[in-house]
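First comes the structure, then the notes that go with it.
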Amino acid sequence: MEQEVLAYLNSDGTIVDTQTAAQSGEPETIIPFDNSEKALEVIRHSTAHLMAQAIKELYPDAQFFVGPVVDEGFYYDFRVSEKIGEEDLKKIEKKMKDLIKKKYKIEKYEISKAEALEKFSQDDLKLAVLSRIPDETVSIYKQGEFEDLCRGPHVPALRYLHNFKLTRVAGAYLGGDENAEMLTRIYGIAFADKASLKAHMLMIEEAKKRDHRKLGTEMELFMFDEASGAGLPFWMPKGARLRSKLEDILTSSHRRRGYEPVRGPEILRADMWRTSGHYACYGENMYLTEIDGQEYGIKPMNCIGHIQIFKQTGKSYRDLPLKYFEYGVVHRHEKSGVLHGLLRVREFTQDDAHIFCTPEQIKEVVLEVVEFVDAVMKKFDFDYTMEISTKPDKAIGDDDVWELATQGLKDALSDNDLPFGIDEGGGAFYGPKIDVKITDALGRKWQCGTIQVDFNLPERFNVEYVAEDNTRKQPVMIHRAILGSFERFIAILTEHYAGEFPFFIAPTQVIFVPISDDHVAYAKMLKNLLTEEGIDSEIYGKNDSLNKRIRLAEKQKVPYVAILGDAEVENKTVAIRDRRAKEQYNLTQDEFMVKLLHQLKEGKI
RNA sequence: GCUGGCAUAGCUCAGUUGGCUAGAGCAGCUGUUUUGUAAACAGCAGGUCGGGGGUUCGAGUCCCUUUGCCAGCUCCA
């Protein structure tokens, strides 16, 4: 069967649509009508136009801004006088289907920029688009009565656009500027065939099932309380069990790597935040209060506390690198609209550390932290990428110091063949950083760990150590977090494992189901044994049928359900339902304990 | 913060165009049953319909306001 030509591909990788090819000649490579990356790009772009056409028919006063293809489909930004809600999407979809039935071809013609300015003189949004185009000639695409300024590429005709779905409607600032007018944005997705669209929608449904907010409520891990305030998480017993296991594992791994635990106060005088630069550069995110007529700030970061502790006693070059760590509770005023389950909250705990070292030690220290990050990521089967962020607009310190610090980070990664991207202007106000971004099961990226090089705060706080030549020198500070925050990390863990946590952090690790009351005593004895070893278990001995209790136990997503009846009591064994292996088997009590203790040790990092 | 939407029992949801005492399943509690691998049976209890104000003879339902949540924008661990 001959493939349908959707568009063509130039040797330089650019897409040439059939309309353009008709004018300038056909490149050799064709893009067939399928779900390849290039084909989808064209299909989705044209679907965005089709949507615009439908919107224009339904809302004649609509004016359109831009309608690009993005990772998750496409969108179009536009202005209308009417309010558009989710239920209107159906109406627009229907109109789009109607338009396809009219069998419009998509035609292209070119006009000069001057003609375009004249043509769209009544449309300030299109004029805004035009102002961003440097070319002297612009192209117009036309389907039926609908015309749009566009550089393409597009499919040849509307009949290629059957398989789409409008997914959501939202506001979006014109040009992404927070201070600009807000337009209406509608997102959609499109594929070459129906099955792929269906599969995509199914994938979205699956993703919703592992949403940590849903699982967190179902599994009673954490909660939020409307009356208590937005963005302030409460850890329920099961969530707190999980979290404390994670904390314990991580505490050991820090101690093993030579970190010293410290702890600073939750609140410090505002003058400290003025000295550090937080007041000027981070003040919008800080909670301030007054005590006895003096201004105080609740800490949004832990660095100041650690600096004071460092300064309290004299330090020698022999002490460096010196690593202080703290599970630091921080408060940050996040805008109300960005709060999102445990992924964005206003109070959270960082697995924070500050490493004081000499400039010469930067590279080795950074590498050691990178190794630490890698060990933790591997333990939880996470894929991750690294990104170096450079000096932001709001920053303290001289450019050459920034350059030095940034180069230090780059060298550390480059010299060890560790790949990284660059985020220009994304650094912290006191120094550049390496961000560690976890790719979750759904391909989304989350910033978690971070490694920041800071020459500025040591200078501002006059931090010193005595060097080998008996002079006083200023150390460099490396700010770093591995998980980032327990809140965000646990949210990602929950979604990554769909609630089925590995044994060494599972909130409940074993559920015992005694078959009848006669077996409860044996269950209690085993539970005590496990408690002694720091393993959490529960006994499902309620007055329910055996089948029901097994069902309830299984729904808890625990690693092991152990059934105990006459045979088990008599032979000192347990009948296991193993969640990970998805099988059932019998073990002696001793084998059971050995197996669990072994799996507990798997948590060592 | 902005745009649009949502808010009914611990959880998931019903509740006609405003009209009797707001319903169901699961979870909870009580009892009967004592179970061998994913829902035994019966009963009980549970709600200021997010909060406040208003319109109306009458509001879960309409209006205003406020809090929280959801989707995105902008920002970030």
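Structural remarks
- When residues of region A:63-80 are limited to those that are within 14 Å of RNA strand B (Cβ to nearest atom) and over 18 Å from A:A190 (Cα atoms), the one most open to solvent (accessible area, probe 1.4 Å): A:R79
- Candidate set from region A:176-186 (those that are part of a strand (DSSP E or B) and more than 7 Å from RNA strand B (Cβ to nearest atom)); member that is farthest from A:S81 (Cα to Cα): A:I186
- Residue within region A:163-175 that is within 21 Å of A:P32 (Cα to Cα), more than 16 Å from RNA strand B (Cβ to nearest atom) and part of a loop (DSSP other than H, G, I, E, B) present: no
- Residues (touching a Lys or Arg at 6+ places or on another chain (Cβ under 8 Å) and among the aromatic types (F, W, Y)) located in region A:449-483: A:F461, A:Y465
- Residue match in region A:442-456 (condition: touching a residue at least 40 places away in the same chain (Cβ under 8 Å), surrounded by fewer than 18 Cβ atoms within 10 Å (Cβ to Cβ) and not basic (K, R)): yes
- For region A:44-55, the criterion of a residue being under 19 Å from A:T14 (Cβ atoms) and open to solvent by 10 Å² or more (accessible area, probe 1.4 Å) is satisfied by at least one position.
- Restricting attention to region A:547-596, the residues that are closer than 21 Å to A:P507 by Cα and aromatic (F, W, Y) add up to 2.
Listed here are the residues, each with its yes/no results for (1) at pLDDT below 95; (2) closer than 19 Å to A:Q474 by Cα.
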site	(1), (2)
A:R269	no, no
A:G277	yes, yes
A:E290	yes, no
A:Y296	no, no
A:Q308	no, yes
A:K323	no, yes
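- Search result, residues across region A:404-433 that are more than 19 Å from A:E371 (Cα to Cα), in a loop (DSSP other than H, G, I, E, B) and open to solvent by 30 Å² or more (accessible area, probe 1.4 Å): A:E424, A:G425
- Long-range neighbours under 9 Å by Cβ, at least six apart or interchain, first residue of a type in the set (F, W, Y) within region A:399-415, second surrounded by 14 or more Cβ atoms within 10 Å (Cβ to Cβ): A:W402/A:T390; A:W402/A:K391; A:W402/A:A395; A:W402/A:G427; A:W402/A:G431; A:W402/A:P432; A:W402/A:F455; A:W402/A:N456
- Residue in region A:196-215 that is farthest from A:F164 (Cα to Cα), counting only those that are away from RNA strand B (no atom under 16 Å from the Cβ) and open to solvent by 70 Å² or more (accessible area, probe 1.4 Å): A:L202
- Residue satisfying condition, being of a type in the set (V, I, T), in the same structural domain as A:E364 (by TED's automatic domain parsing), in contact (Cβ under 8 Å) with a residue 12 or more places away in the chain and not in a strand (DSSP E or B), within set A:I388, A:I438, A:I396: A:I396
- Yes/no for A:L367 being touching a residue at least 60 places away in the same chain (Cβ under 8 Å) and more than 30 Å from A:Y287 (Cβ to Cβ): no
- Those residues of region A:135-162 which are in a strand (DSSP E or B) and open to solvent by 30 Å² or more (accessible area, probe 1.4 Å), in sequence order: A:T137, A:K142, A:E147
- A:V436 being of a type in the set (V, I, T), in contact with a helix residue (DSSP H, G or I) (Cβ under 9 Å, 6 or more places away or on another chain) and surrounded by fewer than 23 Cβ atoms within 10 Å (Cβ to Cβ): no
- Residues that are hydrophobic (A, V, I, L, M, F, W, C), in contact (Cβ under 8 Å) with a residue 40 or more places away in the chain and crowded, with 18+ Cβ neighbours inside 10 Å, drawn from region A:216-248: A:M219, A:L221, A:F222, A:L242, A:L246
- All helices (runs of 4 or more DSSP H) inside region A:259-327 with 3 or more residues being buried (at least 18 other Cβ atoms within 10 Å of the Cβ): A:270-276, A:303-312
- Qualifying residue in region A:119-131 (condition: among the hydroxyl-bearing types (S, T, Y), in the same structural domain as A:A180 (by TED's automatic domain parsing), surrounded by 13 or more Cβ atoms within 10 Å (Cβ to Cβ) and farther than 14 Å from A:M51 by Cα): no
- Residue count for region A:330-359, restricted to those that are touching a His at 6+ places or on another chain (Cβ under 7 Å), closer than 26 Å to A:F372 by Cα and either within 10 Å of RNA strand B (Cβ to nearest atom) or open to solvent by 10 Å² or more (accessible area, probe 1.4 Å) (or both): 2
- Given (1) over 27 Å from A:H340 (Cα atoms); (2) in contact (Cβ under 8 Å) with a residue 60 or more places away in the chain; (3) more than 26 Å from the chain's Cα centre (by Cα), number of the condition A:S196 does not satisfy: (3)
- Subset of region A:370-385 (residues that are acidic (D, E) and either in contact with a strand residue (DSSP E or B) (Cβ under 8 Å, 6 or more places away or on another chain) or touching a residue at least 60 places away in the same chain (Cβ under 8 Å) (or both)): A:D381, A:D383
- Screening A:F372 against (1) open to solvent by 30 Å² or more (accessible area, probe 1.4 Å); (2) at pLDDT 95 or above; (3) farther than 30 Å from A:M272 by Cα leaves a single unmet condition, (1).
- Region A:541-551, subset modelled with pLDDT under 95 and more than 6 Å from RNA strand B (Cβ to nearest atom), residue surrounded by the most Cβ atoms within 10 Å (Cβ to Cβ): A:G541
- For region A:565-588, residues that are more than 7 Å from RNA strand B (Cβ to nearest atom), surrounded by 15 or more Cβ atoms within 10 Å (Cβ to Cβ) and among the aliphatic types (A, V, I, L, M) total 4.
- Taking the numbered list (1) within 26 Å of A:V262 (Cα to Cα); (2) open to solvent by 10 Å² or more (accessible area, probe 1.4 Å); (3) near RNA strand B (Cβ under 9 Å from one of its atoms) in turn, A:P392 passes all entries but (1).
- Sole exception among (1) at pLDDT below 90; (2) under 30 Å from A:W235 (Cβ atoms); (3) not in a loop (DSSP other than H, G, I, E, B) for A:V401, by number: (2)
The values are calculated or read from the model by the stated rules, or taken from the named source; none is laboratory data. Bear in mind the structure is a predicted one, so any value in this text is a computation, not a measurement. Every residue, glycine as well, gets a Cβ built from its backbone with ideal geometry; the counts of neighbours run over all protein chains shown. Each accessible area value is taken on the protein alone, full model and side chains, heavy atoms only, with ligands, DNA and RNA left out. Shrake-Rupley method; radii C 1.70, N 1.55, O 1.52, S 1.80 Å.
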